[in-house]
Amino acid sequence: MSNMRVVSTCLCARSFVHLLRPGVQKMGCFQLHTTARCAAKDYYEVLVLGGGSGGITMGARMKRKVGAENVAIVEPQEKHYYQPLWTLVGAGAKQLAKSGRPTASVIPSGVKWIKSRVKELDPDKNCIRLEDDKKISYKYLIVSLGLQLHYEKIKGLPEGFNYPKIGSNYSVHTVEKTWKALQDFKEGNAIFTFPNTPVKCGGAPQKIMYLSEAYLRKTGKRPKANIIFNTSLGVTFTVEKYANSLLEIIKARNIAVNYKRNLIEVRADKQEAVFENLDKPGETEVYQYEMLHVTPPMGPPDVLMNNPVSDAAGWLDVDKETLQHKKYHNVFGIGDCTNLPTSKTAAAVAAQSAVLDKTISLIMKNQLPTKKYDGYTSCPLVTGYNKVILAEFDYNSQPLETFPIDQSKERLLMYIMKADLMPFLYWNGLLKGYWGGPAPIRKLLHLGMK
């Protein structure tokens, strides 16, 4: 999205009067950003952009802080989905309907739901513009806009999904096509891809691969199947401890892994997938497939591109410990839209929400934030219909495990957590602003040593 200009003058005379009040001047730059106001009818003390996991949980937390009438959430979608369940939906282990609820049912009671898209952010004037050009002003802004899927960056998609044999667990429109392709598999190549961009839930592209392999074994089709993982990365997983476990599984199940391979074209009518060799620019390889699971390229939302709140790549530019914006001190970020150097998962959002809650509380009191986010994230690596390796790690890609056992081992207990406990915790804990990650449990189970 190109730069846009807000034509109205948003700095009101009363902003200057406010700056003259005792005790205000000492806040300097921070106070300037919170007192400039948009000349708009609507104003909220806390404005949340995005009604995904981060936006809803922060809406609930801010409601308890400043009152429901002072909080608004901007979200255009009528349906809210628990997307981590789609791994199991694509493998036929869960129903898609179980993953979604009406957005109205998850918006915190009393909080204003602005059913619209954000067209522009103007952080210098503390206002945003909606798709109908209506302006909303704020005192504090929480950006939780998620990321954007770019199937269109692969030649032949998304129209290729109209053909059989191809699916993707990353979209509500294509996840059930994965299950259909798996059921219809007869013999040949089952190919699973990983793009050359940041992705949400970096383990998901291979979770469906392990589940598919297990299904084909169960149905007696495995001897006729070549399972292939073509990844743009140079490793199977970024954390060595879990990568080693996955490599053992890959070897035991006779799965072929091709590194530095990026999907650039799908010829769905011919059942062909074209990959570029990232180690040899310009060199391509064509694979015939009987089943293809596509993980699309991903990027920041268009509204953040070329915006003052974003870094050069378009991600929201926040301090990695406090989640406060590096320049605009009344702007905060959470979740996939940020440039936090950690895996983009719902588990990361939970941990971030606890830190961000504390950060905003102190900022509201004109104090400096003290609580620090350590990059905690989690990826339940589903390796079968009753097995999960529960990967938990921090900014340094070091394991940060909750349980006092070796979590790099496949376990039934972890599968039950993934399939049943985590969805319950999501709907009844995280979205209500009560679940801030497992840090307290980890500390208890490890006797305070982690």
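We did not get these values from a lab; they are worked out from the coordinates using the rules stated. This one's a predicted model, so the numbers in the text were calculated from it and none came from an experiment. Virtual Cβ from ideal backbone geometry, glycine too; neighbours counted across all protein chains shown.
On C-alpha positions alone, give me the angle between the axis of helix 346-364 and the longest principal axis of the chain, in degrees, nearest 10.
With rounding to tens, the tilt is 10 degrees.
In whole Å, how far is the Cα centre of segment 276-354 from that of segment 133-202?
Value for the Cα centre distance between the two parts: 14 Å.
Taking a 18 Å limit on the Cα-Cα distance, which of the listed pairs K65/K358; K344/K387; K224/K270; K177/K344; K320/K432; K63/K139 fall beyond it?
K344/K387; K224/K270; K177/K344; K320/K432
Nearest 10 degrees, 0 to 90: what angle lies between the long axis of helix 204-218 and the longest principal axis of the chain (Cα atoms)?
30
Cross-link partners among aspartates and glutamates for K98, C-alpha distance below 20 Å, same-chain residues fewer than 8 apart left out?
By straight Cα distance, K98 reaches E78, E176, D420.
Quick check on the chain: helices-only [θ] at 222 nm, where DSSP H runs of length 4 and up contribute -39,500 (n - 2.57) each and the sum goes over total residues. Nearest 500, please.
Computed ellipticity for the chain at 222 nm equals -7000 deg cm²/dmol.
So how long is each side of the chain along the principal axes, counting just the alpha-carbon atoms, biggest first, in Å?
Computed over the Cα atoms, the extents are 77, 52, 41 Å.
Can you pull out the GluC sites (Glu not before Pro) in segment 136-188 that DSSP calls coil and that have at most 16 other Cβ atoms within 10 Å?
E187
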